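FYI, it's all coordinate maths here, none of it is from the lab. On a predicted model such as this, the values are computed, not experimentally measured, just so you know. Because the Cβ atoms are built from the backbone with ideal geometry, glycine has one as well, and the counts that use them run over all protein chains shown.
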Amino acid sequence: MIPFPLVSPSTGHPLKPDAPHALRDAETGERWPVIDGIPYLRVGREALVERVLAHLDAGELDEALCAILADQDDWWNGPPADPADLLALIRDRRTATLRDAVRLLGWGRVGDYFLHRWSDPTYLAGLAMLEAHWNEPTCVFEFACGIGHYLRELARRGCKVAGADVVFAKLWVARHWVVGEKAQLVCFDANSPHWPVPGAPVDLVVCNDAFYFLDDKPRLLDHLRQMAGDEGWLALSHIHNRDCPGFSAGKAVTVEEIAELFPDALVYDDDELTHALAEARAPIPHEVAELRGCEAFSVVAGPGMRPAPRSVVDGLTLPKAGTHLSLNPLYVPDGNDYAIRFPSERYEAEYGPRVTYPMRSPGPERLTYGGGIDAPETPRVRVREFVDLPERW
């Protein structure tokens, strides 16, 4: 992992360990909770911070976790998590599946999104763009990393990884079900008065399916560019287009705003990236003005980016040889064949028209990947008919 020094999001002062479960601002005495190695640095949550620290100071870890796992982002409009369900998940976290976790956390359609993200077209678009511009980065930071889908892939490629998200529960799930101890994780809000991770620049800064949520996009982008420094690069995928309304919440942008925010970028249509992956070819960037009708933009920018997409597709989008793969769990038996069953009508409407996997598949339910672009099973892996799921999916 990347050992980022942290500063207080409210004062900007350095934070130092204060017992195993807290960080302290030495100048003000302000304290912030740390659970499972994940600092909670959200401003505007003073009562929650006080409550969680009181539980931690009293040795009541389960009670502290129950309180902090119920915290959500400001866009959340679902019902609050059931405390009894949270306590059940905390009790069984070493044996529960990822499916159990998203159910007990009460994530609803967000849970569907996370459970099936390994094959959704927006995730594949981001992977395809990273692969097309891959230049062997050593250190990677992902903003709004969710439960760590990309961090898992990047760590497997030998990168030192760190991730941040505004929802502690997502990072906690990343720690226990997806990434493990390989990543430094920190919970904070991008709108904090002070950016809590102002440490040394990294080689690559990633943000996927989240940039459009932010209110002050120029300020956030300035922070991300500072992290990339004079030699790093940025990869931001699935930025919703205001002129082509989709299903997601947030504050989408226009082509003019993309051009203003990213004058140094190569810009892609998300759909082009997904198709390029399935077709085993390099994606084609476009002039920004040509993308007024696309649903979402993806960009690579920064001084360290590869100036043109690679033509060989053989890296991040394919697992390593010997990986045990499962039939995409969206397939269900249908007589002697299989059919697709989406988890909800909303999921089908948003992703169904863009999925890469075929509508029917003749098994088997598992295979061991031989590896390489010439392996006979590679086409089926590329379209995510078979997926590399976490051990406790």
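Against the 2.2 N^0.38 Å scaling, with N counting residues, where does segment 172-323 land? I'd like the Cα-based Rg ratio to two decimal places.
1.10
Please report, in Å, the Rg and the Dmax of segment 18-153, where both are computed over Cα atoms only.
When restricted to Cα atoms, segment 18-153 yields Rg and Dmax of 17.5, 50 Å.
Please identify which residues in segment 6-44 have an amide N closer than 11 Å to a label point set 7 Å out from the Cα of His194, following the Cα→Cβ vector.
The answer is 6-16, 25-30.
What fraction of the DSSP beta bridges in the chain is antiparallel, stated in percent and rounded to the nearest 5?
55 percent
Between Glu391 and Asp222, what is the FRET efficiency for a Förster distance of 51 Å, r being their Cβ-Cβ separation, to the nearest 0.05?
It comes to 0.85.
Could you tell me what a quarter of the Cα convex hull surface of segment 233-362 works out to, in nm² with one decimal place?
About 10.0 nm², averaged over all directions.
Using Cα pairs closer than 8 Å and at least 6 residues apart in sequence, work out the relative contact order for segment 299-393, in percent.
Details: 103 pairs, mean separation 36.7, N = 95.
This gives 39 percent for segment 299-393.
With helices defined as uninterrupted DSSP H runs, which ones in the chain have an alpha carbon span along their own long axis of at least 15 Å and mean Kyte-Doolittle hydropathy of at least 0.0?
Sorted by number, the helices that extend far enough and score high enough are 46-57, 121-132.
Using the Cβ atoms and a cut-off under 9 Å, what net charge is assigned to the surroundings of Leu185, where Lys and Arg are +1 and Asp and Glu are -1?
That sum, taken over residues with Cβ under 9 Å, equals -1.
Using Cα centres only, tell me the gap between segment 98-163 and segment 17-72 in whole Å.
26 Å
What is the total of Lys pairs in the chain with C-alpha atoms under 25 Å apart, excluding same-chain pairs fewer than 8 positions apart?
11
Take every Cα pair under 8 Å in the chain that's 6+ residues apart, average their separations, divide by the length, and report that relative contact order as a whole percent.
Worked out over the chain, it gives 17 percent.
Answer rounded, prolate or oblate for segment 61-122, using the Cα gyration tensor with square roots of eigenvalues a ≥ b ≥ c: rounded when a/c is under 1.5, else prolate when a/b is larger than b/c, else oblate.
Details: a/c = 2.45, a/b = 1.36, b/c = 1.80.
Verdict is oblate for segment 61-122.
For segment 164-280, what is the relative contact order in percent, using Cα pairs closer than 8 Å and at least 6 residues apart in sequence?
Computed over segment 164-280, the figure is 20 percent.
To the nearest Å, what is the center-to-center distance of segment 179-224 and segment 311-389, using C-alpha atoms only?
Answer, in whole Å: 31.
For segment 117-220, report the convex hull volume of the alpha-carbon atoms normalised per residue, in Å³, without decimals. Kindly include the intermediate steps, with their values, before the conclusion.
On the way: hull volume 11.2 nm³, N = 104.
With only Cα atoms used, segment 117-220 gives 108 Å³ per residue.
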